[in-house]
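What follows is one structure encoded as structure tokens, with my remarks underneath.
The values are calculated or read from the model by the stated rules, or taken from the named source; none is laboratory data. Just so you know, these numbers come straight off a predicted model, no measurement behind them. These accessible areas exclude ligands, DNA and RNA; they are computed on the full protein's heavy atoms, side chains included. Shrake-Rupley method; radii C 1.70, N 1.55, O 1.52, S 1.80 Å.
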Amino acid sequence: MAQVEATTERVVAADAEKVFDALADYTGTRAKLLPEHFSEYEVREGGDGEGTLVHWKLQATSKRVRDCLLEVTEPTDGELVEKDRNSSMVTTWRVTPAGEGKSRVVVTTTWQGAGGIGGFFEKAFAPKGLGRIYDAMLDKLATEVAK
């Protein structure tokens, strides 16, 4: 099994604190950012950053649905880490200043991929698919924090 990694980044026209707060707001803003690939979104504990437990189903392809139960931590300033209790998947959101009134948002997801030929295709294609999903989320985030 090889580690698979998908990274997407975007500069957003809002200060880092506002962007981070929007991403960490699992009871409000975060649900608004999710594209159609997500379903059954539910905050089970907490709701604002560290200590949040959130559930969703992620349909990456027409045949691949992942049931996610994520524990949220904030190991450093400007960083949210979502660890899936149901798999090896870990998603890290990093928000840093990128000039006057701008922020850089980098989202990276890693997981242990399948072995064999399936693993080869997963490593080749899954990051691109997840990148498209994160692009959609970052588009919605940019719109949301511009309000």
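Could you tell me the convex hull volume per residue, in Å³, taken over the Cα atoms of the chain?
On the way: hull volume 14.7 nm³, N = 147.
Cα convex hull per residue, to the nearest whole number: 100 Å³.
Once the Cα-Cα distance is subtracted from the 0.36 nm per residue extended length, the K147 to D77 segment shows a gain of 22.8 nm. What the Cα atoms of region 21-79 give is an Rg and a Dmax of 11.9, 37 Å.
Entry note, the chain: the mean residue ellipticity at 222 nm calculated from DSSP H runs of n ≥ 4, each adding -39500 (n - 2.57), is -10000 deg cm²/dmol after division by the residues and rounding to the nearest 500. Take the chain with all the other protein chains still there, run a 1.4 Å probe, and you get 53 Å² of accessible area per residue.
Within the accessible area of the chain, what % is carbon and sulfur when the probe is 1.4 Å and the other protein chains stay in place?
Summing carbon and sulfur atoms, their accessible area is 50 percent of the total for the chain.
Taking every C-alpha pair closer than 8 Å and separated by at least 6 residues, the mean separation divided by the residue count of the chain gives a relative contact order of 33 percent.
Within region 16-91, count lysine pairs with alpha carbon atoms under 22 angstrom apart where the residues are 8 or more positions apart or belong to different chains. Pairs that pass both the separation and distance tests number 4.
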